[in-house]
Each structure stands twice: as C-alpha cells, then as structure tokens.
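Right, one structure below, let's go through it.
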Amino acid sequence: MKRNSLSSFYVSLWLLFAAAILQAVESAKGKYAHMLFNELFEDYSNALRPVEDTDKVLNVTLQITLSQIKDMDERNQILSAYLWIRQSWYDAYLKWDKDKYDGLDSIRIPSDLVWRPDIVLYNKADDDFSERVNTNVVLRYDGKITWDAPAITKSSCVVDVSYFPFDSQQCNLTFGSWTYNGNQVDIINSLDSGDLSDFIEDVEWEIHGMPAVKNVITYGCCSEPYPDVTFTLILKRKSSFYIFNLLLPCILISFLAPLGFYLPADSGEKVSLGVTVLLALTVFQLMVAEIMPPSENVPLIGKYYIATMTMITASTALTIIIMNLHHCGSEAKPVPQWAKVVILDYMSKIFFVYDVGENCTSPKREKEEERKLEGGDGCQRRHKEVRSHLSNRKDDCDLKEKLNGNLNKSYGVNGENVRETVNCCSCYKMLIKNIEYIANCVRDYKANRAKGIEWKKVAKVMDRFFMWIFFIMVFFMSVLIIGKAP
C-alpha cells in the first residue's frame, strides 16, 4: 500500500513539473512574439510595395475555393457566390531568423498592418464596394504572407436561356489588380481550377467544373500589360422542378385542346373549352416570362408555350367554322358533290364516323334503313293508293253527273238530286288538292332534313379529322422539346 501511494505521488509531481515547463515555454514564446512584432513593425510601412528593388515584379499566388452558390438571378444576370479567397506573397521587409526568437517560425497579425495587393473582382455587380473581411494574415519567418478571407461576391453573368429548363450556364469570375500593372504585380494560379472540395451541394444547380485561365491584357489607355485570372464556373440546371411544375402541366393541358373536336356540337362547350385551355397556357407563359431576362433569346419552354397557344387558337377558330357547318339548316345549299365523295364516302369510313343514331354494329344500321324505307316508300305507296281511290271516286262522280244529266233531260228528274251529286264531286276535288299539298310539304321537309343531316355528318367528319391532326401535332411537339434538351 505504501509503495502504491509513493508511486502515485511521484507521478503527480512529474505531471506538475511538465505543466510548469510547458507554461514557461508558452510564456517565453509569447514574449518572443511581442519582441518580434515590435522589431518588425518599428519602421515598416504598409503603403508601399514590399520589394527591395522597385523594378522587380512581386508575384501574388491566388487560389479560389467555392463554398456555396447563394443565388442565380437569371432575370438580372447576377451570380451570388460564397468564396474563400487565398492570396500569398513574399514581403521583403518582414523576415527574421527564427533561431533568435526561440524557433518562432510564424505569427498571426491583423491584415491591415501589412501591405496587401489590391486584387478585386473585375465583373462585380454589387452596389456595395466595401472591402472583404479583414481577417488575420499568417506571417512566416521567410517573409511569406498568407491571407485567407471569406467573401460573398455578386458577379455579372451572361445567361443564355435558349434551352431553359435544360440549360447550362458559364459564369466568369475575373480577379486582377486594380492599380498595379503586370510589371509591378503578377498574378499566378495556385491551381488549374477552383477548389470545389468544400462545396455545399445546391438544390438547383450542379457544378461541372471551375477551370482557371490566366490572361494578360493590354488596354487602350496604357501600354503596360495587366494580368488577371478568370475562373469559369460551369453550371448545369437541375430541371426536375421545372419539368413537374411548368412543362408537364402544359403538356397535359395541350392534350385537352384536341378533345374539343370530340365534344358534340350541340353541347355548347366546344369553344369554351378552347378558350379555357388558352387562358391556362397564358398563365404559365407569364410565369416563365417573370423568371427569364427580357432578351431576344426565347427559352425552349417559351417556344413550346407559344406554339401550343397558336395551335389552340387555330383549333378554336376551326371549331367555330365546323359549328357553322353543323348548324346549316334548310336554307343552306346542298353539300357539293366532291364533298360527298371525299368526306362522306371516304373520310367517314377512315375515321369511323356514322350517321345520327348510327353506330358500328350492322343490325342497327339495317333496322335504320328499314325504318327509312317504311317512312319514305311506304308513305309514298299509301299516298298513291289514296290518290287512285280518289280518282276512281272522281270518275264515278263524273259518270253520275252524266247519267243524271241524261235522266234529267229525258224524264225530268228532280233538280235537288242533281245538286247533291255536284256538291259531293266538288268535295272530292278539294280533298285531293289538300292531300297533294300535304304530300308536297312532307316531301320538301324530308329533302331539307336530309340536307341538314348531310351537313352535320360533314361537320362530324371534319371534327374527327382535325382531332387526330392536332393530337399528332401535340405529341410531336412534346417529343421535340424533350429531344432538344442538351
């Protein structure tokens, strides 16, 4: 027991001794850091370029890390991104011998105490021209300064929405010195592309790369070269949201337009259906117009909306024309012979269009023909029988008149019987005229009715014809817009 207590006592003493030594070392390093800071910045100025020879170029290494895409404003063509900007350079006046300062190889100091390159975003589209966050810089004993600063940038981006919502965008981030030319400050790429290892996945855009290219440009105002580094952010839009909320409803609504031709003309809903579909597509078109920039490049989905609206307008106009054909009455001209041959004989069989009350089963058609025969030829047959019977009665009446006249002359028959016979014959004549008038009216009515039925069948055939034509057009337009997706 005594040995265990003694061993634990020695361990605790050793731990206390080690902690005291570490604290002494840290306090010694803090002492040397203060001493180093006072000696370095005693005669230092952050206003001048830190080179011993003014003709020497100061190289600044630039590295960009993309952390997040904040917003992509297509209408105003502005990309908002959250970046980590790392710049490193060598300061000729901030060097020391680390052995003189107890091996102290680096210190961290505020960035506004040292000279910093005025590297800015050339294509900045923000109204706020404030500087980036003044984070500390890491200063090494060999004079290398590393400055890491986060920044939320708003850059101008030329947006091409020709294939929206299946589009890809390329946005440039161009960094360069604002006042120093290439003979004074040169920019060097740290990597061949931007760093995407810490990128937070975006809900709308996919990142397909961020290549970096160094450019040296000579402007018209100056003869010195001005280098810059351009990072091209390649974005691919995730189109699932727009497919389910803008494209798919439009396709479904477009397939309703040809069904307007299938509605019966007597329902009174053919034109209202076309107008309703047209208004629905107009609402979707306005939604797309609010998102897209007001440019000459019409997006792919906008072209689809316009083509569909044009098709629906044409279908509504054709519906009105076909309804006029359907409601042709007795005053209309007969159906032309070419229309009877082309539309009533051939097209009606191709599109399976039958007469009013007729369907595709043959027994009903035979019964209908029998009813027509009974209603037409049977009526004419009974009319002929009545006329023959009345004509026989008329002949008998004429014979009776002649016999009565002879008897009246020969034997002096009473005149009252003669007048009764004459009145009876005149009644038969009036009855014949009335029956002939009724028969003519029935004949004219049947002819006008047959003419109206023919025009209704023509309208029905044209409805079926345009229905299939517009169905095919909608199908190919839908396939075309999906097939054009890059």
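Some points to look at:
- Residues of the range 437-486 satisfying the condition of being open to solvent by 40 Å² or more (accessible area, probe 1.4 Å), modelled with pLDDT under 80 and either of a type in the set (Val, Ile, Thr) or within 30 Å of Ser168 (Cβ to Cβ) (or both): Ile438, Val442, Ile453, Ile482, Gly483, Lys484, Pro486
- When we screen Val335, Val298 for residues that are outside any helix (DSSP H, G or I) and touching an Asp or Glu at 6+ places or on another chain (Cβ under 6 Å), the only hit is Val335.
- Criterion (of a type in the set (A, V, I, L, M, F, W, C) and either in a strand (DSSP E or B) or more than 33 Å from the chain's Cα centre (by Cα) (or both)) met by exactly one of Leu259, Leu191, Leu246: Leu191
- Only one entry in Ile243, Ile234, Ile312, Ile321 is in contact with a Gly (Cβ under 9 Å, 6 or more places away or on another chain), of a type in the set (Val, Ile, Thr) and open to solvent by 30 Å² or more (accessible area, probe 1.4 Å), namely Ile234.
- Extreme residue, modelled with the highest pLDDT, among residues of the range 152-174 that are within 20 Å of the chain's Cα centre (by Cα) and open to solvent by less than 10 Å² (accessible area, probe 1.4 Å): Gln169
- Yes/no for Ala125 being within 43 Å of the chain's Cα centre (by Cα) and surrounded by fewer than 19 Cβ atoms within 10 Å (Cβ to Cβ): yes
- The condition (being open to solvent by less than 40 Å² (accessible area, probe 1.4 Å), closer than 30 Å to Asp167 by Cβ and either in a strand (DSSP E or B) or without any contact (Cβ under 8 Å) to a residue 40 or more places away in the chain (or both)) is satisfied by just one residue among Val277, Val203: Val277.
- Residues of the range 72-122 satisfying the condition of being more than 23 Å from Ser193 (Cβ to Cβ), open to solvent by less than 10 Å² (accessible area, probe 1.4 Å), without any contact (Cβ under 8 Å) to a residue 60 or more places away in the chain and within 55 Å of the chain's Cα centre (by Cα): Ser111
- All conditions in (1) in contact with an Asp or Glu (Cβ under 7 Å, 6 or more places away or on another chain); (2) open to solvent by 20 Å² or more (accessible area, probe 1.4 Å); (3) within 28 Å of Asn172 (Cα to Cα) hold for Ile69, with the sole exception of (2).
- Condition check for Gly182: open to solvent by less than 40 Å² (accessible area, probe 1.4 Å), over 30 Å from Ile243 (Cα atoms) and in contact with a Leu (Cβ under 7 Å, 6 or more places away or on another chain): no
- Residue count, the range 134-174 (criterion: in contact with a strand residue (DSSP E or B) (Cβ under 9 Å, 6 or more places away or on another chain) and either farther than 17 Å from Ile234 by Cα or polar (S, T, N, Q) (or both)): 27
- Residue within the range 137-151 that is in a loop (DSSP other than H, G, I, E, B), open to solvent by less than 30 Å² (accessible area, probe 1.4 Å), on the phi < 0 side of the Ramachandran plot and not assigned by the TED database to the domain that holds Phe244 present: no
The values are calculated or read from the model by the stated rules, or taken from the named source; none is laboratory data. This is a predicted model, so every value here is computed, not measured. In this analysis, Cβ positions are derived from the backbone assuming ideal geometry, glycine residues included, and neighbour counts consider all displayed protein chains. Quick note on the areas: whole protein, heavy atoms, side chains included, nothing else; ligands and nucleic acids left out. Shrake-Rupley method; radii C 1.70, N 1.55, O 1.52, S 1.80 Å.
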